[in-house]
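I have placed the structure first, in the form of structure tokens, so that the comments after it can refer back to it.
The values are calculated or read from the model by the stated rules, or taken from the named source; none is laboratory data. Computed from a prediction, not measured in an experiment: that's the story for all the values here. Note that we place each Cβ from the backbone using ideal geometry, even for glycine, and neighbour counts take in every protein chain shown.
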Amino acid sequence: MPARVGHSARVQILSHGASDVGRVRQLNEDHFFVDPELGLYVVCDGMGGHRAGDVASQTAAQAVHQFLRGHFETLAAVAQGQRSPDEAAALLRAAIEGASAQIYELGVQDKSRRGMGTTCVALLVLGGKGIMGHVGDSRLYLARAGQVYQLSEDHTFVQEAIRRGMLTPEQAKNNPHQNLVTRAVGPNPSVLVDTLVFDMLPGDTVLLCSDGLHTYFHDPAELASGLVPESLDAIVSQLIARANERGGEDNITALVVRAATVPAEDTVQTERASRVTAELDLLSHIVLFSELGMKELVKVANAFAHRSYEAGEVVVHEGDVAETLFVIVSGAASVTRGDVDIALLRAGDHFGEMALLSRRPRSATVRTLKPSTMLALERDRFYEIMQSDSVIAAKFLWRLAQTLSLRLDDVYLLQEKLGFDDEAKKTTARYGLFPSPFDGR
């Protein structure tokens, strides 16, 4: 067997998990599985009763593991940077889909188990990348730099009602249908699997857990502090203990995965961590992406390509057909129209966002003033995100509408200064913008 797939050459991956029956149930239908050699971590929460739930959860974990073991060489190539993490995401999706077909067939063969199923949240850690596969209401959280982010989205009636505006997050907390899962592995031969590729940075801690745990942790700050201790054993035992103290009405499973911190002299990993953090921060400050949460921001970031330019190199020509949004990560560039300098762009600035929406020619030329690194988002990749994620699309269009509203105000103000005052056109700036409808969702 080659070296461990799940470990990059420099970052050590640590893990610890435990499962508890809770204070009410007699049978533990949760199941977790770890294969550090493969870089695989799985939590499943079975449903069906009469010992069907525990069969479904164990079968799902074993089926996912077996499928991925059969693609060891591909995963190893992803870990070494020789193949795209998207290939690993596709394999993880296929593995969970296969598990659903296998559990469904067991139900066909044994009528007492018909309809049994399980949630499944799985993580592959390959060469500095985390790849999530997810179905149901078990969750994956990422703790980074004192903050915790939920990267999975519950497939439940309540969460769907929140997405559709039928319930507010506050109303959802007391809704009697909290545990009604709308998507599971096994009740049907096929299932829609959510996947996400994200960076695993030194010091990152990932929590995979069943709803028997996360139901009792509504405060992200409390959960973030609970994932801080150095001992992963202590983290898991304390989280499970708190869930039991607060009711323990369901089985409780917690699996913690951590990318160990690296020494300061490991410049490769420290520079990678700094770059990833800086790039996410840059994107979050672009107005059109400012509504996005961490999970959504990661999806958008994955669509950007890295481009390097020498000093004096032209990035876009005036008059060219626009296709790409650029974000300057490092360096600087000048913006000229004809022979006139009109702007200076530095790290953190961006240009070309309207190129994602129209084919209008570039209105200016952008030329680097020194060696520069930029993020580039092509229109086709942007459209893929918009089509696959309606929440990102809605948030983007909301911000775009507000941006265009403010630009129209500028036109109206210019008309007033030129003597073309129209009382029917009141500026938005005078009254302010409506608050975001996505706050708290």
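Those residues that are out of contact with any Gly (no Cβ under 8 Å at 6 or more places or on another chain), touching a residue at least 60 places away in the same chain (Cβ under 8 Å) and not in a loop (DSSP other than H, G, I, E, B), I need them from segment 222-244; list them, please. Leu223, Leu232, Asp233, Ser237, Ile240, listed by residue number.
So in segment 334-361, with the set limited to residues that are farther than 20 Å from Phe304 by Cα and charged (D, E, K, R), which one is surrounded by the most Cβ atoms within 10 Å (Cβ to Cβ)? Top of the filtered list is Arg337. Taking residues in segment 70-81 that are touching a residue at least 40 places away in the same chain (Cβ under 8 Å), and partners anywhere that are surrounded by fewer than 18 Cβ atoms within 10 Å (Cβ to Cβ) and part of a helix (DSSP H, G or I), the pairs with Cβ atoms closer than 7 Å and at least 6 places apart or on different chains are Val78/Glu87. Applying the selection to segment 95-154, what residues are surrounded by fewer than 23 Cβ atoms within 10 Å (Cβ to Cβ), in contact with a Phe, Trp or Tyr (Cβ under 6 Å, 6 or more places away or on another chain) and under 21 Å from Asn251 (Cβ atoms)? Gln150 - this is the single residue of segment 95-154 that is surrounded by fewer than 23 Cβ atoms within 10 Å (Cβ to Cβ), in contact with a Phe, Trp or Tyr (Cβ under 6 Å, 6 or more places away or on another chain) and under 21 Å from Asn251 (Cβ atoms). Cβ separations smaller than 9 Å between residues 6+ apart or across chains give the following pairs from segment 376-398 residues that are closer than 26 Å to Gly348 by Cβ to residues that are of a type in the set (Ser, Thr, Tyr): Ala376/Thr324; Leu377/Thr324; Glu378/Thr324; Arg379/Thr324; Lys395/Ser290; Lys395/Ser436; Trp398/Ser436. Test Leu255 against the criterion of being outside the structural domain of Arg379 (by TED's automatic domain parsing), outside any loop (DSSP other than H, G, I, E, B) and either closer than 19 Å to Phe198 by Cβ or without any contact (Cβ under 8 Å) to a residue 24 or more places away in the chain (or both), and give yes or no. Judged against the criteria, Leu255 is a match. Provide a single number: the residues in segment 164-194 that are farther than 20 Å from Ile103 by Cβ and either surrounded by 14 or more Cβ atoms within 10 Å (Cβ to Cβ) or more than 21 Å from the chain's Cα centre (by Cα) (or both). Adding up the residues that qualify gives 13. Taking the criterion of being within 16 Å of Gly212 (Cα to Cα), in a strand (DSSP E or B) and modelled with pLDDT of 95 or more, the residues of segment 41-68 that qualify are Val42, Val43, Cys44, Asp45, Gly46.
Looking only at segment 154-169, decide whether some residue is assigned to a loop (DSSP other than H, G, I, E, B), farther than 30 Å from Ala273 by Cα, touching an Asp or Glu at 6+ places or on another chain (Cβ under 9 Å) and small (Gly, Ala, Ser). No, because not a single residue in segment 154-169 is assigned to a loop (DSSP other than H, G, I, E, B), farther than 30 Å from Ala273 by Cα, touching an Asp or Glu at 6+ places or on another chain (Cβ under 9 Å) and small (Gly, Ala, Ser).
A quick yes/no check of all residues on (1) more than 22 Å from the chain's Cα centre (by Cα); (2) surrounded by 15 or more Cβ atoms within 10 Å (Cβ to Cβ); (3) in the same structural domain as Arg362 (by TED's automatic domain parsing):
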position: Leu297; (1), (2), (3): no, yes, yes
position: Asn302; (1), (2), (3): no, yes, yes
position: His306; (1), (2), (3): no, no, yes
position: Val314; (1), (2), (3): yes, no, yes
position: Glu318; (1), (2), (3): yes, yes, yes
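Among the criteria (1) more than 21 Å from Gln12 (Cα to Cα); (2) modelled with pLDDT of 95 or more, the one Leu38 does not fulfil is (1).
A single member of Val314, Val340 is in contact with a strand residue (DSSP E or B) (Cβ under 7 Å, 6 or more places away or on another chain) and either under 28 Å from Cys209 (Cα atoms) or free of Cβ contacts under 8 Å to residues at least 60 places away in the same chain (or both), and it is Val314. Applying the criterion of being part of a helix (DSSP H, G or I) and more than 22 Å from the chain's Cα centre (by Cα) to the residues of segment 69-86, the residue that is surrounded by the fewest Cβ atoms within 10 Å (Cβ to Cβ) is Glu73.
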